[in-house]
Amino acid sequence: MSKLLQMVNDAMPEEKDVRCPKFVIVQSLGEGESYLSIMRKSGINFPVICKTIQACGSKQSHVMGIIFKEEDFAHFQAPLLIQEYLNHDAMIFKIFVIGDFIDVVRRKSIRNLFESETEPLLFDSQKPFPPNMLDGFVPSSESSSHAGPSVPSSPTTEDPPTDTLRQIAREIRRSLGLTLFGFDVITESKTRTHAIVDVNYFPGYSGVADFHSVLLKHILD
C-alpha cells in the first residue's frame, strides 16, 4: 500500500501541494543496522507511526503505535512499516469514490503531538482511539509546563480542494483499475500541505448521502 501511495504521490504535479508521508519498510535488521540508522538513511525523524506487517486479519496486523525514541521499537516485530507522523489538527478526510463521483466525509483523528512527548502511544486500528490520543488531551510532560503544544489543533481546517481530490482519484483509478474505492487525506498543520495516508479497496461508504442511488447510476452507466 505504501508503494501505491508513493506512486500516486510521484504522479501529482507540484502545484497541487500533495505528498505522502516518508516511510520505509524494514524486512529485518542486517549486521550493524539499527532502526534509527535506517530512519536516518530514509530522511525520517521521530515521531513515527509503526506497524508490524502481517497477514490481514491476524491480531498483530491491527497493532500500531506512535513512538518517539528508538527503544520503543521493542513493541514491534519485523517486518514492519515505519512512517513519519504529521500533525494534522485531529482531522482526517475520508474520500469515497464511485466512478467519477467523489464525496468527502470528515472524521476525528489523532491529536497533534507535543514536542516534549516521549511515551509511546499504542493502539488497535480496529478499535476507537484511547483517550490519550484524542484532541484536548495534555500529557503529564506538558501539564506542569508553559510550553503548550508544538502545533495547536485548529477547528477551522478546510476540506482539500475538490480538483486536487479528483486528480488523486484519477491517479489511483489508473493505477488500480478500480472504480469503487476510497482514500484518506490529512492536512499538515504547519505547511497546510495535503498528504495521502491510506487507500481502501471498496470501503464501507458510511456517511455518503444517497450512496445506493449513486452506486446504481454508476452500474447502469
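The values are calculated or read from the model by the stated rules, or taken from the named source; none is laboratory data. Remember, predicted model here, so these are calculated numbers, not experimental data. These area figures cover heavy atoms from the full protein model, side chains too; ligands, DNA and RNA do not enter into them. Shrake-Rupley method; radii C 1.70, N 1.55, O 1.52, S 1.80 Å.
Could you do me a favour and compute the accessible area per residue for the range 53-129, 1.4 Å probe, result in Å²?
47
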In straight Cα distance, which aspartates and glutamates are under 12 Å from K94, not counting same-chain residues fewer than 8 positions off?
D103, D159, D184, D198
Roughly speaking, what is the stretch gain from T118 to R174, that is 0.36 nm per residue apart minus the C-alpha to C-alpha distance, in nm to one decimal?
16.0 nm
What figure in square angstrom, to the nearest 10, would you give for the accessible area of E158 with a 1.4 Å probe?
140
As a quick test, which of the pairs K127/K190; K41/K69; K41/K108; K22/K69; K22/K127; K51/K190 have an alpha carbon distance above 22 angstrom in this structure?
K127/K190; K41/K108; K22/K127; K51/K190
